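Here is the structure we will look at.
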Amino acid sequence: MAFTFAAFCYMLALLLTAALIFFAIWHIIAFDELKTDYKNPIDQCNTLNPLVLPEYLIHMFFCVMFLCAAEWLTLGLNMPLLAYHVWRYMSRPVMSGPGLYDPTTIMNADILAFCQKEGWCKLAFYLLSFFYYLYGMIYVLVSS
Amino acid sequence: MTLYKHPSNPGPSQNPFPMQQVSQGYSMPGQLGYHNPVLAKAPMPPGPVLYNAVPPASPYQSAPGPHMPVRPPVGAPPPMQPGQTIPASQNSVPPPTASTNSYYPDAQNPSPSSWNYGVRPPMGMGTPPPGNHVTSSPSPVPNPPSQGFSAAPTLTPNTATTPGPPLPPSSYNSWTQPGSVPPMNAMSPQTPYQPGRPPYGPPPTAGPPPGMRPTPPPTGPHGTATPPPPMAPQNEGVRQTHTPTNSQALNSSEAGGRIITDPPSSQPGPVGRPIGHGYPSLPPGYQNMAQPPNVPPMHPTQPYSSGPAAYPQPPMGAAQLSPSMAAMSMQAQTPDSLRVVNLLQERNLLPPTPYQPPTPCLPQDLQRVNCSPDVFCSTLTSIPQTQALLNKAKLPLGLLLHPFKDLSQLPVVTSSTIVRCRSCRTYINPFVSFLDQRRWKCNLCYRVNDVPEEFMYNPVSRSYGEPHKRPEVQNATIEFIAPSEYMLRPPQPAVYLFVLDVSHNAMQTGYVDVVCQSLLENLNSLPGDTRTKIGFITFDSTIHFYNLQEGLSQPQMLIVSDIEDIFLPTPDSLLVNFNESKELVGDLLKSLPQMFSKTMETQSALGPALQAAFKLLSPTGGRVSVFQSQLPTMGVGALKSREDPNQRASAKEIQHLSPATDFYKKLALDCSGQQVAVDLFMLTSQYCDLASLGCISRYSAGTVYYYPSYHNEHNPAQTERFQKDLKRYLTRKIGFEAVMRIRCTKGLSIHTFHGNFFVRSTDLLSLPNVNPDAGFAVQMSIEENLVDMQVVSFQAALLYTSSKGERRIRVHTMCLPVVNSLSDIFAGADVQAITGLLASMAVDRSVTASLSDARDAMTNAVIDSLSSYRTSVLTIQQPGLLSPNCLRLFPLYILALLKQRAFRTGTSTRLDDRVFAMCQLKSQPLAYLMLMIHPALYRLDDLTDEGALNVNDRTIPQPRVLQLSVEKLSREGAFLMDAGSVIYLWVGKSCNPQFLTQVLGVPNYPALPQNLTQLPELDTAESTRTRAFVGWLREQRPFYPLLHVIKDESQLKANFMQNMVEDRTESALSYYEFLLHVQQQISK
């Protein structure tokens, strides 16, 4: 049993995924507030937009770590989400600041529903990957 | 409570809209404790007509007090039944009139050769002579008879049962001027009240009282005399729906009510479309049979899904004709809108008179008080029960609103408490039900609420204990003067800021003279009160402010050249009280055109100027009018030209429909938060990126005006249009710091909004300014199944501050039936509303996806809906392209949209022109939108007085609407095309010399000047008729459409010809080809 770089990656990913889970919950709550008229879309976009890039960067960061640790299976599992993040950010509306959400279109029922669904899907993905990283960490620690 | 008729002509009286329950004060950072000096000062709106002599100091609050003449013992109120209970017999579909062939003797379909132009197919008795011979051939029907009789056009006028002159073709319009139309007058004395009805005083403006049940005239002027069965007593729970009696009663009581209530029809508003009281003007039978009198024969064998039983042919004896006709017109309602039309074979589908939207299939007493379709209409007047059913019908569900329309008559209520549902905050409306005298049930959320004590007193009849007779419960469109709870801060004054581009380019066009001149002329009619504020900013590469402080001998110009960090040099004297500084403002306007006439500055710093305007107005809110003549080149918001003119016609995909920067959008959102609206006037000769600049107006609820190739001298027509638009713009009503909330019955939800605004929550629009020319569209979706519901309701409430500093709420409520069969959905489809909504959706699609996507989506909308109709509604399959009668114009309108400037391909369309057309499609009210999409074409050289309307002692000829095809033009004629904002008069080369001399005042065709924009006032019958007709067309809209006389060699001929949507162009299909394409796709 030895503490390898891969084990370190898994531990780091475990912590960061916990953070991402909070991001996803925050996202879901924010869109639910929008839908139930508790918040103004301008304010809500102003709070959500700064969080988009950190989330994407955190995810990208431990993907790179897994690449360095040559954990191909884990990397492969994360690739779809990484690609989705890249696509999502490329196709964002014309904005001068960072972020994705445009207060003028966000109240459109389609976009609102899409964002809510996106939030739930991400939450599920992060939760599953959290347990996977836990398993992966123990496996790496035990097997080496 | 004080009620008065509110003459909402654009000028004097203004209605403000309050912020209704703006729970998040995001827009109002400075929430001041409310105290409203203005309202206290002038609680009495300036309405000319008072209902009663009650002093304005809100006697309503002291309802049981001295103002109440009679207070009946509360224990014994008049037997009150729930006036608005939902009737049971809702969706009764009358037997179809399968025997329509009886009215069309040669019922065989004309051969498809009717499409071969030039060949006249045998088209039944009423076939119009084609083309040029309209005048010469005596038609069996002297003029287009009233629409309701389209089923038997030739019989009606000839029988003795129809006294009075032949009905004008547009019987709808005639309702506006009851005094001048003989049949209406003849009818009114014959409308006695039903005996046994509980007596009450009919409120003059509250519409005809519900109890009014006239006995039908023995020989009704409309030929609709009906057998008089015993009338149902009024306030019963269950109403009869489709009985001829009810309908007749409605009809005549409407007429009677009109005659009592109509003010002398001198209001400048649209004469033909009286909105305030134009509720159900016609019995359903009339409205839905908008069928040309000479339509080609129907197909007698077409089955109806709603019931195969053949409608018995009414006996045609002269004495029996009228009753049978009445029955016919009532019962044929649904079947006629569902009557199958083979589009490939029937050519002449346009209604001869203005289009009438379908009447919702509601009980008469609900329909009578329903909202006017000009203000509030739905694409489907029968709401499907489930989303699955809606998806199956493939028709869009949505609402189209014109909430701030100038109304000729609007009941206004002042009261201390506005009765609203406690859970969903719906305003009480005619469609709520009273469980007993003390409780009412909300029609949106079904909560049972208490009736407040004040509401028991009816100020109209001055009686107590009749809450269901109050104006709020009798009018679907009503305005409240809002008490202080509806304000987050004291109502703002009217504030106007003018921002003018004075760079070299702008001064070259000479627009500054026009603006200053128009302002000088209209300064005194700017809506406002003593608090009105005004200010001016000019800009080129620097920003110039004008100190207009009272006491100065002349205006002081302050130049700020630091455009990176803009600041206000003297914050309190730039925006001044208009009344105090009137002379300085006049001086400034007189000197402004000369001040910059020699400027050599070519740069334009629009972004900083807008920031300065925002800073100046943010403490108060108000309106910014920006005049811009080129692409902004300096400071923030600078733009680069994105258009490549060489790519215009050839490009596969239109680029750059979305903004290049979000600066203008963000600034617009800031403006919206501070209740500032920005109206943009673009006066340009080159590309100026309207897609980016337009955002400033779009999200701040402003308006974009666009004058391409503007030049004072070189383009006088454009200049005149600019002047007229500016006059309307400056003098029309305006509402400040407005919000509009749209509520709907539980189960329905709002999907998307279209128009100029910022969406603040799922059902709330933030409108810093609202103007009477703004239209909105709303897409709806059905979230929960509407089982167990007979009707659903929609309520739009617009809260605004009038220019007089009053907070007001204008509430429109519409009630629609719920149906569960596809055939009923199709029967209630309103083709114009569908087209309008699809146009808005297509604009969104072309920005988010691509133009070709949007075009495909529109074509698919036709294909899907017609194929759904074919597979699900029709029981017997037939060859051809079949459409229900009510959707017969759908393919034509969609084709017209595809050829509209916004969506066309192939031809060279400037990007700005396209973007501007898109802006208009989204923000225009439906009535103007339809003329833009599908202009009306009339032949003018053979106008006759037959079938003419009589408005204010003027005879308005009513020529037929012709199809938009060159086939309809002839060299011998003169044709008028009414395209909404512009009217073309095309004069043929060998035009009737009489027309040239008598109407145009020229001896022969070559003498006709190139740029004639006015009809000479000649003292001839022809000239009078023509001018009356053109004048009538203009009166129907608030703006002033210019008239262009077009000769063969005129430049504008191309514009005229581009509107010929039924013809083939090099890149677009002709109407027939389009139909073939649709048919091919359907049969796949």
Conditions (1) away from every other protein chain (no Cβ under 14 Å); (2) buried (at least 23 other Cβ atoms within 10 Å of the Cβ): number failed by residue B:727: (2)
Single unsatisfied condition, residue B:443 versus (1) surrounded by fewer than 23 Cβ atoms within 10 Å (Cβ to Cβ); (2) out of contact with any helix residue (DSSP H, G or I) (no Cβ under 8 Å at 6 or more places or on another chain): (1)
Cβ-Cβ under 7 Å pairs, at least 6 apart or on other chains, the stretch B:753-767 side within 7 Å of chain A (Cβ to nearest Cβ), far side in a loop (DSSP other than H, G, I, E, B) and open to solvent by less than 10 Å² (accessible area, probe 1.4 Å): B:760/A:40
Test set (1) within 14 Å of chain A (Cβ to nearest Cβ); (2) open to solvent by 10 Å² or more (accessible area, probe 1.4 Å); (3) under 24 Å from residue B:486 (Cα atoms) - residue B:781 fails condition number: (3)
Number of positions in the stretch B:903-913 that are crowded, with 23+ Cβ neighbours inside 10 Å and within 15 Å of residue B:1067 (Cβ to Cβ): 1
Evaluation of residue B:514 against (1) in contact with a helix residue (DSSP H, G or I) (Cβ under 9 Å, 6 or more places away or on another chain); (2) more than 28 Å from residue B:525 (Cα to Cα) (one fails), failing number: (2)
Among residues of the stretch B:653-668, those that are over 15 Å from residue B:688 (Cα atoms) and facing another protein chain (nearest Cβ under 8 Å), counted: 4
Elements of type helices (runs of 4 or more DSSP H) in the stretch A:34-144, at least 2 residues being out of contact with any Cys (no Cβ under 7 Å at 6 or more places or on another chain), within 11 Å of chain B (Cβ to nearest Cβ) and open to solvent by less than 20 Å² (accessible area, probe 1.4 Å): A:41-68
Criterion violated by residue B:627 - all others in (1) aromatic (Phe, Trp, Tyr); (2) within 12 Å of chain A (Cβ to nearest Cβ); (3) within 20 Å of residue B:710 (Cβ to Cβ) satisfied: (2)
All positions within the stretch B:810-861 that are open to solvent by 10 Å² or more (accessible area, probe 1.4 Å), closer than 20 Å to residue B:786 by Cβ, assigned to a helix (DSSP H, G or I) and not aliphatic (A, V, I, L, M): B:823, B:824
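Please tell me if residue B:637 is assigned to a loop (DSSP other than H, G, I, E, B), open to solvent by less than 20 Å² (accessible area, probe 1.4 Å), within 14 Å of another protein chain (Cβ to nearest Cβ) and farther than 30 Å from residue B:907 by Cα.
Yes; evaluated as a whole, the condition is true for this residue.
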Residue among A:22, A:5 that is open to solvent by 70 Å² or more (accessible area, probe 1.4 Å), more than 14 Å from every other protein chain (Cβ to nearest Cβ), closer than 30 Å to residue A:142 by Cβ and in contact (Cβ under 8 Å) with a residue 60 or more places away in the chain: A:5
Hits in the stretch B:1005-1027 (condition: over 15 Å from residue B:1050 (Cβ atoms) and modelled with pLDDT under 85): B:1014
Residues satisfying the stated conditions in the stretch B:1018-1053, i.e. closer than 20 Å to residue B:720 by Cβ and small (Gly, Ala, Ser): B:1031, B:1050
Matching residues, the stretch B:784-796, being part of a strand (DSSP E or B) and either at pLDDT 95 or above or crowded, with 23+ Cβ neighbours inside 10 Å (or both): B:792, B:793, B:794, B:795, B:796
Criterion (buried (at least 21 other Cβ atoms within 10 Å of the Cβ), closer than 28 Å to residue B:731 by Cβ and free of Cβ contacts under 8 Å to residues at least 60 places away in the same chain) met by exactly one of B:548, B:500, B:519: B:548
Lone unmet requirement of (1) in a helix (DSSP H, G or I); (2) surrounded by fewer than 23 Cβ atoms within 10 Å (Cβ to Cβ) for residue B:613: (2)
Unmet requirement for residue B:688, which otherwise passes all of (1) open to solvent by less than 30 Å² (accessible area, probe 1.4 Å); (2) assigned to a helix (DSSP H, G or I); (3) within 20 Å of residue B:631 (Cα to Cα); (4) of a type outside the set (Phe, Trp, Tyr): (2)
The stretch B:698-724 - residue that is over 21 Å from the mean Cα position of the chain (by Cα) and within 14 Å of another protein chain (Cβ to nearest Cβ) and, of those, least open to solvent (accessible area, probe 1.4 Å): B:700
Some residue of the stretch B:381-402 being surrounded by fewer than 24 Cβ atoms within 10 Å (Cβ to Cβ), without any contact (Cβ under 8 Å) to a residue 40 or more places away in the chain and not hydroxyl-bearing (Ser, Thr, Tyr): yes
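The values are calculated or read from the model by the stated rules, or taken from the named source; none is laboratory data. Note that this is a predicted model, so its numbers are computed, not measured. Every residue, glycine as well, gets a Cβ built from its backbone with ideal geometry; the counts of neighbours run over all protein chains shown. These area figures cover heavy atoms from the full protein model, side chains too; ligands, DNA and RNA do not enter into them. Shrake-Rupley method; radii C 1.70, N 1.55, O 1.52, S 1.80 Å.
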